[in-house]
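The values are calculated or read from the model by the stated rules, or taken from the named source; none is laboratory data. These figures come from a predicted structure and were not determined experimentally. Every residue, glycine among them, receives a Cβ derived from its backbone with ideal geometry; neighbour counts consider all protein chains shown.
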Amino acid sequence: MDAASGVVFPRSDGASGAGPTGDPRRSTSSLGRAVVADALRTVDPIGARAASGETNWRRGYVAHFRRLVEAGLDTPDAARNLAADGLESLHRRMRFVRHEGEEVGITEACATPAGAEGPLETVSVPGGSSAEKEFSLPYKGERLRGDALDRRLDDWVARGVIEPSCAEAVRTVVANPDWLDLADRRVVVLGAGAEMGPALSLLRWGADVIAVDLPRPGIWARLFDATSRFGGRLHVPVRSGSTGELTDRAGADLLHDLPAVTGWLAGLDGSLVLGDYVYADGATNVRVCMAVDALTVELLARRPETALAFLATPTDVFAVPAEAVEHSAAAYGRRTGVSRVRRPLRVLSAGRLLRRTYAPDADPGICDSLVPQQGPNYALAKRLQRWRATVARAAGTTVSLKVAPPTRTRSVVKNRALAAAYTGAHLFDVEVFEPATSNTLMAALLVHDLRAGQPVAEHPWQDEAFAAAHGGLWRAPYAPRSALGLAALMGLGGARG
């Protein structure tokens, strides 16, 4: 992808730290500092000054992202204002460089017609089988349904792997199998080839899936193969007038084709659900998530009835209910496994290892699961999605944002430290899921939110906590970062064994 065109970071002359092109005038650190400070300025001026003055953003960002959650807890309005201010800062700062080199605001880019390469048109690919009418969950080589699925949900709740509301939501979908038929909706899956996305489950259940992903034949070959085995229909964008094999013509690059994709989606028939499942490495993740957010704003302006869907990463900072705090405290008090050597480890590490997750009786508690190795760009990309969900809910939009479990996706396991930590996570009461289990579970929760709706919460943090499938991070005995290194060390040993 060309980092000097399409959606780009703003120029920040005089900033320290090169941007994604090596150009110090487009610094990712400068953007991160500025946006976090802007988000905090009204509700937490001291926190805003601290973020603005952070001299080592790549290492120090963790404390400021935690503060973004803490500052919003005072009142529901504080959380909503913080989210709105953060989004406003991003939209005001991020830029779009057109094919001819003209640089404009990202909002202006979405509102203009397709660029020099022309508009997109739709090609539809019918399914080759009948739709499945019963929900089943792939898990460790089996497909769980009925009593087996019930037992698995009960076990996860008992061990603190998912919130009880998550199990109840899945059971509600199981009890209403007709909900799986989303014939009255058209689900736009941005990042259709993503391992965590719902495209395959939706196709299995017979849905109309509007798929957007990069123009890479391998992605589309896999999606077309899945469509031939399932009962749904796949609708894909192709460049108007293009010829050749569909695998070679399908797809669009959100970073560079943002005006064309926006116009194409706005012109589709039916009631849309806009699902954001995009991911990219490093600074590109902020760019592509920002492209989706600009598209979201424009699409909601043109089609206000559009629903939104997101997955939140579990490796972030969340406010969690008192029940999770109590579960964690009870787990901390048990003298089993690693806890038998907790005292010497805490002494040797000067208290850094195996710390309690929460202050006693915290309500809500703050679970800080940020992983510094993932970096500030990843944190900002995921946080802007949470901000959009908060602002959209306040405006009356139907929103499904669900915390997804830690999952062995390709993007995770290629990082050796994270892969080792995931291997050792079970020793600290955290379950790491396989992609097929995660994406099917999260697709079921999407169906639940579209059919049953989500209870209206008093505070935005409660909206985020509803039906969370965090893998145990919220209810584990130890603060995640205080156990991460040990999990990685023990996981490395297990892998070698």
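Some values worked out for this structure:
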{"item": "Positions within the range 318-358 being closer than 15 Å to W474 by Cβ and either modelled with pLDDT under 75 or among the small types (G, A, S) (or both), in sequence order", "result": "A319, A322, A324, S328, A329, A330, A331"}
{"item": "Which listed residue, of L300, L295, is among the aliphatic types (A, V, I, L, M), farther than 26 Å from R67 by Cα and surrounded by fewer than 24 Cβ atoms within 10 Å (Cβ to Cβ)", "result": "L300"}
{"item": "Yes/no for P406 being modelled with pLDDT under 95, of a type outside the set (A, V, I, L, M, F, W, C), under 14 Å from V161 (Cα atoms) and in contact with a Phe, Trp or Tyr (Cβ under 7 Å, 6 or more places away or on another chain)", "result": "no"}
{"item": "Strands (runs of 3 or more DSSP E) contained in the range 96-147 and holding at least 3 residues within 28 Å of G232 (Cβ to Cβ) and without any contact (Cβ under 8 Å) to a residue 24 or more places away in the chain", "result": "142-144"}
{"item": "Flag for D253 being under 25 Å from A312 (Cα atoms), at pLDDT below 95 and either in the same structural domain as V97 (by TED's automatic domain parsing) or of a type outside the set (K, R) (or both)", "result": "no"}
{"item": "Selected residue [surrounded by fewer than 21 Cβ atoms within 10 Å (Cβ to Cβ) and modelled with pLDDT under 95] from E70, E54, E103, E88", "result": "E103"}
{"item": "Residue selected from the range 381-401 under the condition of a type in the set (S, T, Y) and over 16 Å from the mean Cα position of the chain (by Cα), by the criterion surrounded by the most Cβ atoms within 10 Å (Cβ to Cβ)", "result": "T397"}
{"item": "Single residue of the range 7-42 satisfying the filter (β-branched (V, I, T) and surrounded by fewer than 20 Cβ atoms within 10 Å (Cβ to Cβ)) that is modelled with the highest pLDDT", "result": "T42"}
{"item": "Hits in the range 243-257 (condition: surrounded by 15 or more Cβ atoms within 10 Å (Cβ to Cβ), outside any helix (DSSP H, G or I) and more than 24 Å from the chain's Cα centre (by Cα))", "result": "A250"}
{"item": "Close pairs from the range 318-333: first touching a residue at least 24 places away in the same chain (Cβ under 8 Å), partner surrounded by fewer than 20 Cβ atoms within 10 Å (Cβ to Cβ) and acidic (D, E), Cβ under 7 Å, at least 6 apart", "result": "A322/D363; V325/D363"}
{"item": "Candidates G491, G485 - the one that is in a helix (DSSP H, G or I) and in contact with a Ser or Thr (Cβ under 7 Å, 6 or more places away or on another chain)", "result": "G491"}
{"item": "Search result, residues across the range 60-87 that are within 24 Å of P372 (Cβ to Cβ), in contact with a helix residue (DSSP H, G or I) (Cβ under 7 Å, 6 or more places away or on another chain) and among the charged types (D, E, K, R)", "result": "R67"}
{"item": "Residue in the range 259-271 that is modelled with pLDDT of 95 or more, touching a helix residue (DSSP H, G or I) at 6+ places or on another chain (Cβ under 9 Å), buried (at least 23 other Cβ atoms within 10 Å of the Cβ) and under 30 Å from E163 (Cβ atoms) present", "result": "no"}
{"item": "Helices (runs of 4 or more DSSP H) enclosed by the range 258-342 - at least 2 residues per element that are closer than 21 Å to S369 by Cβ and within 18 Å of the chain's Cα centre (by Cα)", "result": "283-302"}
{"item": "Identity of the residue in the range 30-58, under 22 Å from the mean Cα position of the chain (by Cα) and among the basic types (K, R), that ends up farthest from P372 (Cα to Cα)", "result": "R33"}
{"item": "Matching residues in the range 171-198 - criterion: being part of a helix (DSSP H, G or I) and either in contact with a Phe, Trp or Tyr (Cβ under 8 Å, 6 or more places away or on another chain) or not aliphatic (A, V, I, L, M) (or both)", "result": "R171, T172, V173, V174, P177, D178, W179, L180"}
{"item": "Inter-residue pairs, beta-carbon under 7 Å, first in the same structural domain as V69 (by TED's automatic domain parsing) and in the range 40-53, second assigned to a loop (DSSP other than H, G, I, E, B), 6+ apart", "result": "L40/A71; V43/A71; V43/G72; D44/A71; G47/A71; A48/R41"}
{"item": "Those helices (runs of 4 or more DSSP H) lying entirely in the range 370-477 with at least 3 residues over 21 Å from L182 (Cβ atoms) and of a type in the set (A, V, I, L, M, F, W, C)", "result": "375-394, 416-424"}
